[in-house]
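The values are calculated or read from the model by the stated rules, or taken from the named source; none is laboratory data. The structure displayed is predicted, hence computed values, not measured ones. Ideal geometry is used to build each Cβ from the backbone, glycine not excepted, and the neighbour counts take in all protein chains shown.
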């Protein structure tokens, strides 16, 4: 193990980690938004949209991110649509994550008793008010563990971004492996993902505990 080699290439991995974090953050935030909308559509059984959302969820959850990225980056060029690698990465991650987040949030919504909804309507709350003040706070609290698992899963999935020539962590590691430093590259890659994922895991653990203490999600 060449420690000097590792130290010399830490800045390169730092730059790659910065790109990975920015892409993951954008993709995960979009996936949460998509998941929330889809979950509400399914929960309230919105006509027509309910079936469309169901089809989207099945498609997103049952196709690998790698295939989705190939379609976005290479497939769309056949019909004259050219997307940059960064755009493809964010869209692909959001598309994949949206299906998982939708099911996570829907499970939280299903945990909210119908009696609470009927009570809210009986005291004059509008549907938007009901969703904002009664349903969502409880649903999101219940969904925290699943959202946490999905978030970590999506961060791990960023490792396939290298197939569309983005200089992320995996891309840099592969380049260094070609120089004959596989052990050092693998070590830096593993450590880099641990540094990215452990704080996220700890954050959700603390968040879940605080919600339980506040009486939410129980």
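Before moving on, here are some points about what is shown:
- Only a single criterion out of (1) closer than 14 Å to residue 166 by Cβ; (2) in contact with a helix residue (DSSP H, G or I) (Cβ under 9 Å, 6 or more places away or on another chain) is not satisfied by residue 82, namely (1).
- Members of the range 17-43 found to be more than 16 Å from the chain's Cα centre (by Cα) and touching a residue at least 60 places away in the same chain (Cβ under 8 Å), listed by number: 17, 40, 42, 43
- Residue among 142, 112 that is in contact (Cβ under 8 Å) with a residue 12 or more places away in the chain, in a loop (DSSP other than H, G, I, E, B) and on the phi < 0 side of the Ramachandran plot: 112
- Selection status of residue 90, under 17 Å from the mean Cα position of the chain (by Cα), in a helix (DSSP H, G or I) and more than 24 Å from residue 145 (Cβ to Cβ): yes
- Residue check for residue 147: surrounded by fewer than 16 Cβ atoms within 10 Å (Cβ to Cβ), assigned to a helix (DSSP H, G or I), modelled with pLDDT of 90 or more and in contact with a helix residue (DSSP H, G or I) (Cβ under 8 Å, 6 or more places away or on another chain): no
- Lone qualifier among 217, 180 - being in contact with a helix residue (DSSP H, G or I) (Cβ under 8 Å, 6 or more places away or on another chain) and modelled with pLDDT under 90: 217
- Residue within the range 201-211 that is more than 23 Å from the chain's Cα centre (by Cα), crowded, with 17+ Cβ neighbours inside 10 Å and at pLDDT below 85 present: no
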